[in-house]
1. From (1) crowded, with 18+ Cβ neighbours inside 10 Å; (2) not in a strand (DSSP E or B), pick out the condition that doesn't hold for residue 234.
2. Give 205, 183, 220, 160 a once-over and let me know the one that is within 16 Å of the ligand (Cβ to nearest atom), more than 23 Å from residue 129 (Cα to Cα) and charged (D, E, K, R).
3. How many residues does the range 357-373 hold that are within 26 Å of the chain's Cα centre (by Cα) and either free of Cβ contacts under 8 Å to residues at least 12 places away in the same chain or within 20 Å of residue 409 (Cα to Cα) (or both)?
4. Could you please let me know if residue 312 is more than 16 Å from the ligand (Cβ to nearest atom), of a type outside the set (Phe, Trp, Tyr) and open to solvent by less than 70 Å² (accessible area, probe 1.4 Å)?
5. Residue check: is residue 90 touching a residue at least 60 places away in the same chain (Cβ under 8 Å), more than 16 Å from the ligand (Cβ to nearest atom) and among the aliphatic types (A, V, I, L, M)?
6. Within the group 75, 40, 44, 62, which residue is within 16 Å of residue 106 (Cβ to Cβ), in contact with an Asp or Glu (Cβ under 8 Å, 6 or more places away or on another chain) and either at pLDDT below 90 or small (Gly, Ala, Ser) (or both)?
7. Tally time: how many residues in the range 237-262 are part of a loop (DSSP other than H, G, I, E, B), touching a residue at least 60 places away in the same chain (Cβ under 8 Å) and more than 10 Å from the ligand (Cβ to nearest atom)?
8. Looking only at residues that are charged (D, E, K, R) and within 12 Å of the ligand (Cβ to nearest atom) in the range 13-54, which one is most open to solvent (accessible area, probe 1.4 Å)?
Amino acid sequence: MERFLRSLVVVGLQWGDEGKGKVVDLLSQDVLHVVRGQGGNNAGHTIAVEGKEFKLHVIPSGILRPQTKCYIGGGVVFDPFAFFEEIESLGKNFDKDRLFLSPYAHVIFPYHRELDGVQEGKRAGGAIGTTGKGIGPCYGDKALRMGVRVADLLDRKLLEKRLKEVFSIKQAELSQKKPADLEGLVSKYAEVGLRLKDFVAPVEEMLFVASSKKEPILLEGAQGTFLDNTFGSYPFVTSSSTLASGIAMGAGIGPSRIDGVLGVFKAFTTRVGEGPFPTEVKEGIFPHPEEVREIGTTTGRKRRIGWLDIPLLQRAIVLNGVDMLAMTKIDALDGMKELKICVGYKKKEHFPCGLCEWESAEPIYETHPGWEGSEGVQSYGSLPSNARRYIRRIEELVSMPITLISHGPSREKALWMGRIFDE
Ligand code: IMP
């Protein structure tokens, strides 16, 4: 299948951690622009290049390709201090002239992180298991028109005015009675604003010009479909729209400029944090999370693991308008005696909406024989025959071919079934 697209959204089809970072890194070999449109440093993309592992959080995965320009869009929530730490971790792989930040992005302040913790502790229905990065409170302030944007950091007077407007409300929310150091906060963030000046750029116009010139653009999603604030397993979700349309909106790119949607899913299912997970398998069947690299990049938490869930994928295809698929981590299933695929939920006429529906979703499974040795084989034909059968069965169930199969962490461990971008 040859498509030769100009702009492509890469979106996660499960609960995040599908391996989008690796897929974006692979695809960015052929693209000039990579943009993040939503989420913040709650995301964690691990990419292995020449034996070295890079952990990216808010900087787009395209940064590891020397020809690629990277953009942080206005829909992102942005922690400036975490951003500079990430730059430091990239060392000489980081090139300042290739990274651009939209002034529309909302800034995460220490009170957002504190509120994240306080709210988690007080939730009567149990914690969501957030990353603790202040994502929810920052998006909340944006919706309530109490946010501070990157543009405001660039002007000390404006920053002071904005922070004065909201600071006492935040203090009350945190039940802090001692006089707070507003002046100190203004100074700290005005200073970091000066350091950010060089990155701030008219991202939306730059991408519009690029798309008018038909230059390839990748829109890199963060989190996954079922963490979406509207259509996910609410309230156990993140606070941004994680769907293809939300990613494009946050990047400031209009729908007429999007050519395709690549949905990325893992060969099984994982979830980190609390919330429903119909095909979750308790300890003992899957290898230990450490053995299959299922430790969260951002929080170091062990991910919950379960069987591949077809109703979930089908729903994600609908919500995102997916027209191409990438499957990751088939190698993590090497050595399992047998595997299950959830092909439906018992007695369910529609996809779960309310929490009770989610929690009562009882999977209908079919069982498939396992395989050994899929990691790093050189061609699709060299995959173990049971692995190929597993792949074909998934394609049949979702009625869509799989364009890319990733079978190991490094760049070369990827099998392409067709090109997506022209060379
Ligand atoms: P928050 O985004 O930190 O508010 O967390 C809300 C939920 O989304 C929690 O269950 C997190 O574990 C989950 N989450 C947030 N970011 C990611 C991610 O990048 N991968 C997987 N789960 C995530």
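1. All conditions are met except number (1).
2. From the options 205, 183, 220, 160, the qualifying one is 220.
3. Of the residues in that region, 1 qualify.
4. No, not satisfied.
5. Answer is no for this residue.
6. 40
7. Adding up the residues that qualify gives 6.
8. Step one: filter the range 13-54 for residues charged (D, E, K, R), giving 17-18, 20, 22, 25, 30, 36, 50, 52-53.
Next cut, within 12 Å of the ligand (Cβ to nearest atom) only: 17-18, 20, 36.
Values: 17: 45, 18: 1, 20: 5, 36: 1 Å².
Step by step, filter the range 13-54, then rank; the result is 17.
The values are calculated or read from the model by the stated rules, or taken from the named source; none is laboratory data. In this text the structure is predicted, and so the values were computed from the model without any measurement. Counting neighbours? That spans all protein chains shown, and the Cβs are built from the backbone with ideal geometry, glycine included. With ligands, DNA and RNA removed, areas are computed over all heavy atoms of the protein, side chains included. Shrake-Rupley method; radii C 1.70, N 1.55, O 1.52, S 1.80 Å.
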